[in-house]
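Scroll down for the structure; my scribbles are underneath it.
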Amino acid sequence: LDYIYAVLHSPSYREKYKEFLKIDFPRVPYPNDAKTFWQLVQLGSELRQIHLLESEVVEHFITQYPEDGSNVVVKPRFENNPVRVLNSDRVAGNVYINESQYFANVPEVAWNFYIGGYQPAQKWLKDRKDRELSYDDILHYQKIIVALTETDRLMNEIDAIGI
């Protein structure tokens with residue numbers, strides 16, 4: 001299962017079989033060798049646990065929620081704040097939920113990340129428009145940001161191994 005999960009998250013696999021994936025079940029290629037298989041099993045396992053928010057990785061927040069206020073989501077928006085994130089060249093910014101409150105240090109890659117036709121970091125907030133975020137909601141959103149950032153990293157690792 002984890003091997004298949006890794007294969008289906010490979011950007012080059014998705015690009016190569018883009019049209020086929022729209023109309024039929026995905027074809028899973030046989031691994032080149034045992035070493036490649038077990039590397040992809042490991043990465044697929046990490047990815048699956050992150051997506052289920054079961055990995056300890058998602059508990060290590062990379063964002064902050066620095067301002068007190070109503071916690072009501074009015075109109076979510078991303079504002080660039082060119083800083084280095086996690087010792088990389090990735091651009092981060094602030095995701096405002098209203099005029100004064102925001103999630104700080106959100107990697108742009110997480111904000112713009114697509115899963116299917118959705119951008120989860122944006123959709124999650126838009127689905128809560130005019131609602132007050134609870135403490136648990138704020139923590140959950142920060143886990144989502146970590147999960148999306150880690151997904152991007154792991155997808156690149158999977159591609160580097162090759163399918």
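Picking from residues in the range 62-76 that are surrounded by fewer than 17 Cβ atoms within 10 Å (Cβ to Cβ) and out of contact with any Leu (no Cβ under 8 Å at 6 or more places or on another chain), the one that is nearest to Ala147 (Cα to Cα) is Gln64. Among the residues of the range 101-153, those identified as assigned to a loop (DSSP other than H, G, I, E, B) and open to solvent by 10 Å² or more (accessible area, probe 1.4 Å) are Phe113, Tyr114, Gly116, Gly117, Gln119, Asp127, Arg128, Lys129, Asp130, Arg131, Ser134. Selection of the range 1-16 for residues being open to solvent by less than 70 Å² (accessible area, probe 1.4 Å) and not in a helix (DSSP H, G or I) yields His9, Ser10. Applying the condition of being within 30 Å of Asn81 (Cα to Cα) and of a type in the set (Val, Ile, Thr) to the range 21-61 and asking which residue is most open to solvent (accessible area, probe 1.4 Å) yields Val57.
Of the residues that make up the range 90-104, is at least one out of contact with any Leu (no Cβ under 9 Å at 6 or more places or on another chain) and closer than 26 Å to Ser45 by Cα? Yes, the range 90-104 has at least one match.
Applying a threshold of 9 Å to beta carbon distances and a minimum spacing of six or more residues, or different chains, the list of pairs starting in the range 1-30 at a residue that is farther than 18 Å from Glu157 by Cβ and free of Cβ contacts under 8 Å to residues at least 40 places away in the same chain and ending at one that is of a type in the set (Phe, Trp, Tyr) and exposed (fewer than 13 other Cβ atoms within 10 Å of the Cβ) reads Pro26/Phe20; Arg27/Phe20. Candidates are the residues of the range 57-88 that are at pLDDT 95 or above and among the β-branched types (Val, Ile, Thr); the one that is farthest from Gln101 (Cα to Cα) is Val57.
Among the residues of the range 85-98, none qualifies, meaning not one is crowded, with 17+ Cβ neighbours inside 10 Å, over 22 Å from Thr151 (Cβ atoms) and touching a residue at least 40 places away in the same chain (Cβ under 8 Å). Evaluated against (1) under 16 Å from Val57 (Cβ atoms); (2) of a type outside the set (D, E, K, R); (3) touching a residue at least 60 places away in the same chain (Cβ under 8 Å), Gly162 falls short on exactly one condition, (1).
The values are calculated or read from the model by the stated rules, or taken from the named source; none is laboratory data. Everything quoted here is computed from the prediction, not taken from an experiment. Don't worry about glycine lacking a Cβ; one is built from the backbone with ideal geometry, like all the others, and counts go over all protein chains shown. Please note that ligands, DNA and RNA were not included when accessible areas were found on the heavy atoms of the full protein model with its side chains. Shrake-Rupley method; radii C 1.70, N 1.55, O 1.52, S 1.80 Å.
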